[in-house]
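Before any comments, here is the structure.
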């Protein structure tokens, strides 16, 4: 499987991110508007990779959700919340 983006500035031309060999029987998935590193954390890409791995392994279980981020004690001391920081 290859997931590539039309907005990847590191892989040029962007089509070079595809797996072309017919021997690989690869699935190529093009996403729109994500940069090279954004592909690693984009929820739709993570879900696609997870789904593909589950199919390949014959597993139907989902990954456990990530725990909610907890504010650091330093933020609390400063009187700030995570939502206030995310708006900065």
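The values are calculated or read from the model by the stated rules, or taken from the named source; none is laboratory data. What you see is a predicted model; the values in this text were computed from it and never measured. Cβ atoms come from the backbone with ideal geometry, glycine included; neighbour counts cover every protein chain shown.
Quick rundown of the values:
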quantity: Condition broken by residue 25, with the remaining ones in (1) surrounded by 10 or more Cβ atoms within 10 Å (Cβ to Cβ); (2) out of contact with any helix residue (DSSP H, G or I) (no Cβ under 8 Å at 6 or more places or on another chain) satisfied; calculated: (1)
quantity: Pairs, first closer than 19 Å to residue 17 by Cβ in region 29-58, second modelled with pLDDT of 90 or more and surrounded by fewer than 11 Cβ atoms within 10 Å (Cβ to Cβ), C-beta under 6 Å, six or more apart; calculated: 36/10
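Residues are listed down the side, and each one gets a yes or a no for (1) part of a loop (DSSP other than H, G, I, E, B); (2) at pLDDT 90 or above:
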site: 20; (1), (2): yes, yes
site: 52; (1), (2): no, no
site: 56; (1), (2): no, no
site: 69; (1), (2): yes, no
